Amino acid sequence: SCRNSHINSVRRKRSLEHLSWNEYEKLCTAYLRKIGVQAHLSKAGADGGIDIHARLKSKKIIVQCKHWKKPVGVATVREMYGLLHEQAAHSAIVFSSSRFSKPAWQFAKGKPIYLITGEKLLTEIDRL
């Protein structure tokens, strides 16, 4: 399947850099599905900051994927927190192909927002 091919190519290269932003979003979707989350990509441009709509059992999860070389900052995480309430979601996940800034981690602490670095995603994919 196409989903597994994204996971396998990343596993072989042990890197996310060769992926386009679109392939990165597909990889994040494939990863979520592999761990038992129902996930589907938003239609391009229609998401208002949400790249993947997901559900775990009856809980709604909103997901954003940032395929950036620089660390993802607190503004992105704040925006997701706003969307979390607006969308009445249970939790939010932000994937970064690089890292997150210290203020981003501090803001997410104690909130239902999960930050997943590129390194963490690669480690998790290896475990699948």
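Observations on the model:
- Over 12 Å [Cα-Cα, segment 34-86], rounded percent: 68 percent
- Where trypsin sites (Lys or Arg not before Pro) in DSSP loops with at most 13 other Cβ within 10 Å are excluded, longest remaining stretch of the chain: 70-108
- Qualifying GluC sites (Glu not before Pro) in segment 1-87, DSSP loop, other Cβ atoms within 10 Å at most 15: E17
- Label positions at S15 and K109, each projected 7 Å from the Cα along the C-beta direction, are separated by 3.4 nm.
- Share of carbon and sulfur in the accessible heavy-atom surface of the chain [1.4 Å probe, %]: 52 percent
- Inter-label distance, nm, simple model (7 Å from Cα along the C-beta direction), N4/K120: 2.8 nm
- 1.4 Å probe accessible area per residue over the chain, in Å²: 57 Å²
- Measuring nothing but how far apart in sequence close Cα pairs (under 8 Å, 6+ apart) lie, relative to its length, the chain scores a relative contact order of 21 percent.
- Ellipticity at 222 nm from helices only: DSSP H runs of n ≥ 4 in the chain, each -39500 (n - 2.57), divided by the residue count, give -13500 deg cm²/dmol.
- Counting lysine pairs in the chain whose alpha carbons fall under 17 angstrom apart, excluding pairs fewer than 8 residues apart on the same chain, gives 19.
The values are calculated or read from the model by the stated rules, or taken from the named source; none is laboratory data. Values in this document were obtained by computation on a predicted structure and should not be read as measured data. Please note: Cβ atoms are built from the backbone with ideal geometry, for glycine as well, and neighbour counts cover all protein chains shown. To get the accessible areas, we keep the full protein, side chains included, count just its heavy atoms, and leave off ligands, DNA and RNA. Shrake-Rupley method; radii C 1.70, N 1.55, O 1.52, S 1.80 Å.
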